[in-house]
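The values are calculated or read from the model by the stated rules, or taken from the named source; none is laboratory data. None of the values given here were measured: they were computed from a predicted structure. Quick reminder, even Gly has a Cβ in these numbers, built from the backbone with ideal geometry, and neighbours come from all protein chains shown. Note: accessible area is taken over every heavy atom of the protein model, side chains too, but ligands, DNA and RNA are not part of it. Shrake-Rupley method; radii C 1.70, N 1.55, O 1.52, S 1.80 Å.
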Amino acid sequence: MEREKLTKNKQPIKAVTQQDIHHLKGTLEKLQSWTNALEMLDKFFKYEKEPLNKKQVILEYHANSQIFDTFLKDFLTQTHLLEDQLEELRSREKIGN
């Protein structure tokens with residue numbers, strides 16, 4: 001029974017609950033939810049259409065900058081949360097001692 005609580009290198013493993021995994025997954029899903037908005041911003045900044053329509057760029061700039069600002073704030077919040085979650089898991093008590 002004791003072997004089941006040790007890694008291949010015979011080190012004790014840390015307790016990770018299903019709830020811990022759900023919290024990490026939730027944070028990852030929040031980050032992944034930005035995919036469509038980031039793809040739209042990518043298209044905006046690539047200027048694939050020739051010639052460049054300066055009026056259209058000026059009209060879209062404010063909205064796109066607001067989207068990016070919102071993304072940046074959320075991204076920094078979520079990555080900080082993810083770091084905290086991982087640090088908490090790293091500091092968990094080991095089982096099998």
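Name every residue in the stretch 62-97 that is surrounded by 10 or more Cβ atoms within 10 Å (Cβ to Cβ) and of a type in the set (Ser, Thr, Tyr), in order of residue number.
Matches in the stretch 62-97: SER65, THR70, THR77, THR79.
For the condition farther than 30 Å from LEU24 by Cα and outside any helix (DSSP H, G or I), what is the one hit in GLU60, GLU50? Spell out how you get there, then give the answer.
Numbers: GLU60 fails: outside any helix (DSSP H, G or I).
Of the residues listed, the single one that is farther than 30 Å from LEU24 by Cα and outside any helix (DSSP H, G or I) is GLU50.
Here's the yes/no breakdown for (1) of a type outside the set (Asp, Glu); (2) open to solvent by 90 Å² or more (accessible area, probe 1.4 Å); (3) modelled with pLDDT of 80 or more:
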{"position": "ILE13", "(1), (2), (3)": "yes, no, no"}
{"position": "GLN18", "(1), (2), (3)": "yes, yes, yes"}
{"position": "HIS23", "(1), (2), (3)": "yes, yes, yes"}
{"position": "ALA37", "(1), (2), (3)": "yes, no, yes"}
{"position": "MET40", "(1), (2), (3)": "yes, no, yes"}
{"position": "PHE45", "(1), (2), (3)": "yes, yes, yes"}
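Please pick out the residue among ASP42, ASP84 that is farther than 30 Å from ALA15 by Cβ and in a helix (DSSP H, G or I).
On the way: ASP84 fails: farther than 30 Å from ALA15 by Cβ.
When all the criteria are applied, what remains is ASP42.
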